[in-house]
Amino acid sequence: MFLEQGIKPENVFWKYLIGSVFIITASFIGQIPFSIAVYFGYNGKGAFPTNSDAALKIFEPNLTLFLVMISFAFALAGVWFVVKYVHHQTLLSITTSRKKIDWNRILFSFLLWSFFSILSFLFVYFKSPENFVWNFKLVPFLILVVIGSILIPIQTSTEEYVFRGYLMQGFANLAQNRWFPLMMTSLIFGSMHWFNPEVTKMGNIIMIYYIGTGLFLGIITLMDEGMELALGFHAANNLIGALLVTSDWSVFQTNSIFKDMSEPSAGFDVILPVVVVYPILLFIFSKKYNWTNWKERLTGKINVLQSTN
């Protein structure tokens, strides 16, 4: 089973602490190109950017997206190194309990959430079309499609490998149950978004969405005994969002089709995905993949495997 693949006596928790530091360090190294670009690309007018929000607006959006996403490629390489050389596991072992990655699961989840995302955007657009302006420019958009299709899945996959793969097994190794890694990875995942500009604009209530999304991704990973559905969902969420709509207050400004000009506010629309849409997705996934025994899979004990060394 998925969690048990990393729950071995030799995988003591301090290894996960060391591994996490290594992955974070790899991510910081990956940010060097962006930092160098900011230093040399600054034109000397006005104050030098002292925060990430200002730095992200120095360059053309496609170049900014490319430079920022590089750090996730370094972090993903860090995950591979730690899993292989610190824990002596394969990347497959923190991906799925199946003999190989089920790409059909990834594709199904990607297409399903793409459909929901486009449908929800169309609902909001036709409800308040005055809040959006046509932002489409063919060449920048095509460049965004190329960059986004390659690098955004790397970014989302890196986050999934860290939270639903590496740390999920790490906390399971520590607690030897399922509910603790589910809750811890959801809380940490949500907290990682604390400094996003959306939180500043909308208030702390949006953390319900971020933590709720982490909880949803954790549930489908544990119920499906693998990360494939989470990988597909996360990639669709970020890629379709980047292609469809941008705003001046979002974490990334992209050469998307539309631009949201409304003043951001958080209400029931923030909670809606967590309390309505995600349960619908869970129902669809459960029927398609015949999920059963929910209580045991989400809260049950872990059977520690004996070392073969």
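Can you name the residue in region 169-194 that is part of a helix (DSSP H, G or I) and open to solvent by 60 Å² or more (accessible area, probe 1.4 Å) and is also nearest to Thr299 (Cα to Cα) among such residues?
Within region 169-194, the match that is nearest to Thr299 (Cα to Cα) is Trp179.
Considering (1) out of contact with any Pro (no Cβ under 6 Å at 6 or more places or on another chain); (2) over 23 Å from Phe285 (Cα atoms), say which one Phe171 fails and leave the rest.
With (1) out of contact with any Pro (no Cβ under 6 Å at 6 or more places or on another chain); (2) over 23 Å from Phe285 (Cα atoms) applied to Phe171, the lone miss is (1).
Count, please, the residues in region 246-274 that happen to be within 18 Å of the chain's Cα centre (by Cα) and of a type in the set (A, V, I, L, M).
Result for region 246-274: 3.
Select, from Thr221, Thr200, Thr213, Thr254, the only residue that is over 21 Å from Arg164 (Cα atoms), open to solvent by less than 30 Å² (accessible area, probe 1.4 Å) and polar (S, T, N, Q).
Exactly one residue qualifies, and that residue is Thr254.
Any chance region 73-87 includes a residue that's of a type in the set (Ser, Thr, Tyr) and open to solvent by less than 70 Å² (accessible area, probe 1.4 Å)?
The answer is no; no qualifying residue exists.
Would you tally the residues in region 261-275 being open to solvent by less than 60 Å² (accessible area, probe 1.4 Å) and not in a loop (DSSP other than H, G, I, E, B)? Don't jump to the end; show me each part of the working.
Step one: list which residues in region 261-275 are open to solvent by less than 60 Å² (accessible area, probe 1.4 Å), which gives 262, 264, 266-267, 270-271, 273-274.
Now drop any that are not not in a loop (DSSP other than H, G, I, E, B), which leaves 270-271, 273-274.
The qualifying residues number 4.
Need pairs with beta-carbon distance below 7 Å; first residue assigned to a helix (DSSP H, G or I) and within region 12-29, second open to solvent by 90 Å² or more (accessible area, probe 1.4 Å) and at pLDDT below 95; sequence gap 6+ or separate chains.
Pairs that qualify, where the first residue is assigned to a helix (DSSP H, G or I) and the partner is open to solvent by 90 Å² or more (accessible area, probe 1.4 Å) and at pLDDT below 95, are Phe13/Leu174.
Among the candidates Leu243, Leu217, single out the residue that is in contact with a helix residue (DSSP H, G or I) (Cβ under 6 Å, 6 or more places away or on another chain) and in a helix (DSSP H, G or I).
Leu217 is the lone residue from the list that is in contact with a helix residue (DSSP H, G or I) (Cβ under 6 Å, 6 or more places away or on another chain) and in a helix (DSSP H, G or I).
The values are calculated or read from the model by the stated rules, or taken from the named source; none is laboratory data. Here the structure is a predicted model, which is why all the values come from computation and not from measurement. Positions of Cβ are backbone-derived with ideal geometry, glycine not excepted, and every protein chain shown enters the neighbour counts. Quick note on the areas: whole protein, heavy atoms, side chains included, nothing else; ligands and nucleic acids left out. Shrake-Rupley method; radii C 1.70, N 1.55, O 1.52, S 1.80 Å.
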